[in-house]
Amino acid sequence: MAALPLAFNWPEFWQLLVSGLAFGGVYASLALALVLIYRTTHVLNFAQGEMAMFTTYIAWSLIENHGFSFWAAFFTTIVIAFFLGAATERVIIRPFEDKSPLTVILATIALRAARHAYVLETGNIAVSGTADDLKANDAIRSAYLGY
């Protein structure tokens, strides 16, 4: 049996290595955030990814629709995210504190669905249709869908 020739490309190797480390870093930071939230609040928060997406959407909206510079939008979004997080904890999580863990999990899933629906509705994001529909708004497509 003849050995297959291996085509090794150093630039592609380095690109894949850096991409893998970048994606691994993102996954590790998301996992760390989930563990940190769970250990401090004892709530398994399924809305955490949507909370991050929602604040990214706020920053994008401040830049695109309200004329903020990047840094002004960045710091404004940090303040808004703080108050949204505090309000979420007080209004949605705290009332279910003495309930069963399943109730709190369902509340966070409902929060995830509500924020997801808000961004889809106000962000003019096409979630069905052709590929041309998704290409219609490059800024939202790249920020929300990741490509």
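All of the numbers you see were taken from the coordinates with simple rules; none came from a lab. Because the structure is a prediction, the values reported are computed rather than measured. We place every Cβ from the backbone using ideal geometry, glycine too, and count neighbours over all the protein chains shown.
Dipole orientation for the range 29-111: of the candidates Leu84, Val43, Leu111, Val43 has the Cα lying most toward the positive pole (charges on Cβ; Lys, Arg +1; Asp, Glu -1).
Think of each Lys and Arg Cβ as +1 and each Asp and Glu Cβ as -1; about the Cα centre, that makes the dipole of the range 48-100 roughly 80 debye.
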